[in-house]
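Trainee: Mind having a look at this structure? Questions to follow.
The values are calculated or read from the model by the stated rules, or taken from the named source; none is laboratory data. Nothing here was measured: the structure is a model prediction, and the numbers come from that model. Note that we place each Cβ from the backbone using ideal geometry, even for glycine, and neighbour counts take in every protein chain shown. Keep in mind that these areas ignore ligands, DNA and RNA; they rest on the heavy atoms of the full protein, side chains included. Shrake-Rupley method; radii C 1.70, N 1.55, O 1.52, S 1.80 Å.
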Amino acid sequence: MKPSDVLAKERIIMNIAGEGKNEVLEKMVHTAGTSNKVIGESTLFQKIMEREKIRSTGIGGGIGIPHAQTSGVTDIVGCLAISRQGIEFNAIDGKPVHIIFLIAAKERFDNKYLGLLSRIARLFIDESFKQKIMRSTSPEEVMNLITENEKE
């Protein structure tokens, strides 16, 4: 499973703003909720926040990958947000997060879910790719960059 399999341009937020991680994640869950795969937006938000309490999903290098398995979705759905100014995310390197890729999966979806998380981390760890995403001006451009990079 590839990042482009779970993401759609309608679920890409180009310059997300918010007072902090919680507000940004709430906006992202609401955007993810536009997918017909999300059947319980509040359940999804609760699970995302529970996961953040265990350990921040800010993996360093300006990347956050909040994720949860929940009965609030029927399949796997993604939402991507870009913050030019950066969001305080309690990341492992202590730096703000600029690219956030939220993943929600139905419960007990382990293999595909874990593989997808790994693939997203590898995709965004590439500094030149990350800079191209940050310079993008439209959701279509972001989707094209992701799709092109998946072919490499």
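Trainee: Filter the stretch 100-145 down to residues that are β-branched (Val, Ile, Thr) and open to solvent by less than 30 Å² (accessible area, probe 1.4 Å) and give me whichever is modelled with the lowest pLDDT. Write out each step before concluding.
Mentor: The initial filter retains those residues of the stretch 100-145 that are β-branched (Val, Ile, Thr), namely 100, 103, 120, 125, 133, 137, 142.
From what's left, open to solvent by less than 30 Å² (accessible area, probe 1.4 Å): 100, 103, 120, 133, 142.
Details: Ile100: 97, Ile103: 96, Ile120: 93, Ile133: 97, Val142: 98.
Step by step, filter the stretch 100-145, then rank; the result is Ile120.
Trainee: Does at least one position in the stretch 87-99 carry a residue that is surrounded by 20 or more Cβ atoms within 10 Å (Cβ to Cβ), within 24 Å of Asp126 (Cα to Cα), small (Gly, Ala, Ser) and in contact with a Ser or Thr (Cβ under 7 Å, 6 or more places away or on another chain)?
Mentor: Yes - at least one qualifying residue is present in the stretch 87-99.
Rundown of residues vs (1) surrounded by fewer than 21 Cβ atoms within 10 Å (Cβ to Cβ); (2) of a type in the set (Ser, Thr, Tyr); (3) at pLDDT below 95, yes/no style:
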residue: Ala17; (1), (2), (3): yes, no, yes
residue: Val24; (1), (2), (3): no, no, no
residue: Lys27; (1), (2), (3): yes, no, no
residue: His30; (1), (2), (3): yes, no, no
residue: Arg51; (1), (2), (3): yes, no, yes
residue: Arg55; (1), (2), (3): yes, no, yes
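Trainee: Now, a different point. State which residue pairs qualify: first residue within 14 Å of Ile48 (Cβ to Cβ) and inside the stretch 71-95, second residue open to solvent by 10 Å² or more (accessible area, probe 1.4 Å) and part of a strand (DSSP E or B) in any location, beta carbons under 7 Å apart, and separation of 6 or more residues or different chains.
Mentor: Gly72/Val38; Val73/Val38; Val77/Val38; Ala81/Ile13
Trainee: Determine the pairs where a residue that is under 20 Å from Gln85 (Cβ atoms), located within the stretch 24-38, has a partner that is open to solvent by less than 20 Å² (accessible area, probe 1.4 Å) and aliphatic (A, V, I, L, M) with Cβ atoms under 6 Å apart, the partner being 6 or more residues away or on another chain.
Mentor: Taking only residues 6 or more apart or on different chains, the pairs are Val24/Ile16; Val24/Ile87; Leu25/Ile48; Met28/Ala81; Met28/Leu102.
Trainee: Can you tell me which residues in the stretch 96-147 are among the polar types (S, T, N, Q) and either part of a strand (DSSP E or B) or free of Cβ contacts under 8 Å to residues at least 12 places away in the same chain (or both)? Before the answer, list the steps.
Mentor: Taking the stretch 96-147 and keeping what is among the polar types (S, T, N, Q), we get 111, 118, 128, 131, 136-138, 144, 147.
Within the stretch 96-147, Asn111, Ser118, Ser128, Gln131, Asn144 meet the criteria.
Trainee: Let me ask something else. Quick one: would you say Gly62 is open to solvent by less than 30 Å² (accessible area, probe 1.4 Å) and free of Cβ contacts under 8 Å to residues at least 12 places away in the same chain?
Mentor: Numbers: open to solvent by less than 30 Å² (accessible area, probe 1.4 Å): yes; free of Cβ contacts under 8 Å to residues at least 12 places away in the same chain: no.
The answer is no for Gly62.
Trainee: Follow-up. If I go through the stretch 16-58 residue by residue, how many of them are within 24 Å of Thr137 (Cα to Cα), out of contact with any strand residue (DSSP E or B) (no Cβ under 6 Å at 6 or more places or on another chain) and assigned to a loop (DSSP other than H, G, I, E, B)?
Mentor: Summing the residues that are within 24 Å of Thr137 (Cα to Cα), out of contact with any strand residue (DSSP E or B) (no Cβ under 6 Å at 6 or more places or on another chain) and assigned to a loop (DSSP other than H, G, I, E, B) in the stretch 16-58 gives 6.
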